[in-house]
Amino acid sequence: MKKKLMSLMLVVMVCIVSLAACGGGDDKGNGGNDSQGGGSAANNSSDNASASGYSFEYKGTSISVNTDIDPIVEKIGEPSSKFEAPSCAGQGTDFIYTYSGFEIDTSPFENITNAIAAIIIVSDEVETPEGITIGSTKEDVEAAYGTDYTESNGMMTYQKGDMKLNILIKNNAVDSIQYVSNTLS
């Protein structure tokens, strides 16, 4: 029951974030400033993308924001469920792919129909490559990622490359882990 409630709360959070993105103006980074090196970050392979930010691993596959989800799904398999809605961030469709213990949210971006905008860990069934999972302590997080983060309302935010890693702490325990694109959010 607790896992279902947490999953529902995270889906609501994602919807709120998506609606907030709809309310923004045309703030897409003014073209090429975020593209570092000619092409967009979304065109990099998942190995190259992890060099510019944190990545999540599942079934031996590295998953990074700002990359195409299609090759990822080919490697890790079909999700247990898939939700879709018209995109407010761009033309096309946003998707939420639900797997055991985490979800992947996508949006259209430049020439990628289904770019990964966020990876959200929703249970202790999975962990980050650094060993952090739901229930880890704040001290565990600092030991794994360091102390170079900002904190607001219990949310520890680590910035790296064109993404951020948000870790919500409640009662000194990790309650949520989110890999979020700066470009697609």
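Points to keep in mind about this one:
- Residues of the range 160-185 satisfying the condition of being in contact with a strand residue (DSSP E or B) (Cβ under 6 Å, 6 or more places away or on another chain), of a type in the set (Ser, Thr, Tyr) and closer than 17 Å to residue 68 by Cβ: 179, 181
- Residue match in the range 135-153 (condition: of a type outside the set (Lys, Arg), surrounded by fewer than 19 Cβ atoms within 10 Å (Cβ to Cβ) and touching a residue at least 60 places away in the same chain (Cβ under 8 Å)): no
- Applying the criterion of being among the β-branched types (Val, Ile, Thr) and crowded, with 22+ Cβ neighbours inside 10 Å to the residues of the range 100-115, the residue that is farthest from the chain's Cα centre (by Cα) is 106.
- Of all residues in the range 116-129, those satisfying the criterion of being in a loop (DSSP other than H, G, I, E, B), surrounded by 15 or more Cβ atoms within 10 Å (Cβ to Cβ) and not small (Gly, Ala, Ser) are 122, 126, 127, 128.
- Scanning the range 100-115 for residues being more than 18 Å from residue 59 (Cβ to Cβ) and either modelled with pLDDT of 95 or more or outside any loop (DSSP other than H, G, I, E, B) (or both) gives a total of 9.
- Only a single item in (1) farther than 17 Å from residue 169 by Cα; (2) in contact (Cβ under 8 Å) with a residue 24 or more places away in the chain is not met by residue 132, and it is number (1).
Conditions (1) modelled with pLDDT of 95 or more; (2) of a type in the set (Lys, Arg); (3) farther than 12 Å from residue 176 by Cβ; (4) out of contact with any Asp or Glu (no Cβ under 8 Å at 6 or more places or on another chain), marked per residue:
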| site | (1), (2), (3), (4) |
| --- | --- |
| 133 | yes, no, no, no |
| 138 | yes, yes, yes, yes |
| 143 | yes, no, yes, yes |
| 148 | yes, no, yes, yes |
| 152 | yes, no, yes, yes |
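- Residues of the range 78-99 that are surrounded by 11 or more Cβ atoms within 10 Å (Cβ to Cβ) and assigned to a loop (DSSP other than H, G, I, E, B): 79, 87, 88, 89, 90, 92.
- The range 138-159: number of residues that are among the polar types (S, T, N, Q) and touching a strand residue (DSSP E or B) at 6+ places or on another chain (Cβ under 6 Å): 2
- Selection within the range 154-163 - touching a residue at least 60 places away in the same chain (Cβ under 8 Å) and assigned to a strand (DSSP E or B): 158, 160, 163
The values are calculated or read from the model by the stated rules, or taken from the named source; none is laboratory data. Since the structure is predicted, the reported quantities are computational estimates derived from the model, not experimental observations. Using ideal geometry, Cβ is built from the backbone for each residue, glycine included, and neighbour counts are taken over all protein chains shown.
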